[in-house]
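Notes follow the structure.
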C-alpha cells in the first residue's frame, strides 16, 4: 500500500511568519513529489514540484526533498491570509502513471 | 491559459443509475486521469489513461467504472450502477511529458 502521510492540522501562523508543512511517503520507488493547494470546494492547484534531493525555491515557497528519509516539506515564507487553504502533498511512482495524495494540512494565516 | 474543463459541474442521480462524467483535457496533453474526493477526505487516484488504454488503476476502480476517449477531445468516466458511497467530487486531470498534472474544476456527484 502506497501511503502518503501529512499532519492534518490545523496549522495556524501569524501573517508574515514562516509556515512549515511536512509529508512522508512509504513507497521508496516514488519519483516525483508535488505540493498542491486546495481551497474548500475547489480543485487542487499546483504550487510546485520537486524531483531531486535538496531544496527548490519558487518565490515565497521552498520545497525540500529527502529521499533517504522519505520526507518532503514545503516552507511558505512571509505567509499571507490568502495562503489559508489545505495543502496537499502528492507523490507519483516511477512511471508517473498514478498520483497518491496525503490527507492534507489545513493552514490558517491570521492577519 | 489552457484549462481542463469538466461537465456537468453538479450531478444528482438515483442509486443504481448510470452516470457519465465528461472531461476535456488540455489539448496537447497525452495522459489523462480521474480522481475522486469524498467530502472531507483525501483525493484518491482512480485511473490513468494513455494511448487509448488504461495505464494504471487503483483498487477503487472496479468493474462498475469505465473510461473512454470517444473522440479527440473528450475523456469520460462512466459509473454503471451508482451506489450511495459513490457520492463525491470527481476530478479529471491531464499532463504531457514529465510535467505535473493539471486538474479540472470537478463534478460533484450526489447519489440518492
Practice problem: Could you list, in sequence order, all residues of segment A:67-98 that are assigned to a helix (DSSP H, G or I) and in contact (Cβ under 8 Å) with a residue 60 or more places away in the chain? | Solution: A:81, A:83
Quiz item: When residues of segment B:59-72 are filtered for being under 15 Å from residue B:92 (Cβ atoms) and within 12 Å of chain A (Cβ to nearest Cβ), how many remain?
Solution: 1
Exercise. State whether one or more residues within segment B:12-29 are facing chain A (nearest Cβ under 10 Å), on the phi < 0 side of the Ramachandran plot and at pLDDT below 95.
Key: no
Self-check item: Qualifying position, being under 14 Å from the mean Cα position of the chain (by Cα), modelled with pLDDT under 95 and at the interface with chain A (Cβ under 9 Å from one of its Cβ atoms), among B:99, B:56, B:44
Solution: B:56
Exercise. Please specify each residue of segment A:32-59 satisfying the condition of being more than 18 Å from residue A:5 (Cβ to Cβ) and either facing chain B (nearest Cβ under 8 Å) or outside any strand (DSSP E or B) (or both).
Key: A:39, A:40, A:41, A:42, A:43, A:45, A:46, A:49, A:51, A:52, A:53, A:59
Quiz item: For residue B:56, which of the numbered conditions (1) loosely packed, with under 13 Cβ neighbours inside 10 Å; (2) without any contact (Cβ under 8 Å) to a residue 12 or more places away in the chain fails to hold?
Solution: (1)
Quiz item: For segment A:17-31, how many residues are closer than 16 Å to residue A:103 by Cβ and either within 13 Å of chain B (Cβ to nearest Cβ) or surrounded by 20 or more Cβ atoms within 10 Å (Cβ to Cβ) (or both)?
Solution: 3
Exercise. Can you confirm whether segment A:97-104 contains a residue that is surrounded by fewer than 18 Cβ atoms within 10 Å (Cβ to Cβ) and either farther than 28 Å from residue B:30 by Cβ or modelled with pLDDT under 95 (or both)?
Key: no
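The values are calculated or read from the model by the stated rules, or taken from the named source; none is laboratory data. Since the model is a prediction, treat every value here as computed from it, not as a measurement. Here Cβ is always computed from backbone atoms with ideal geometry, including for glycine, and neighbour counts include all displayed protein chains.
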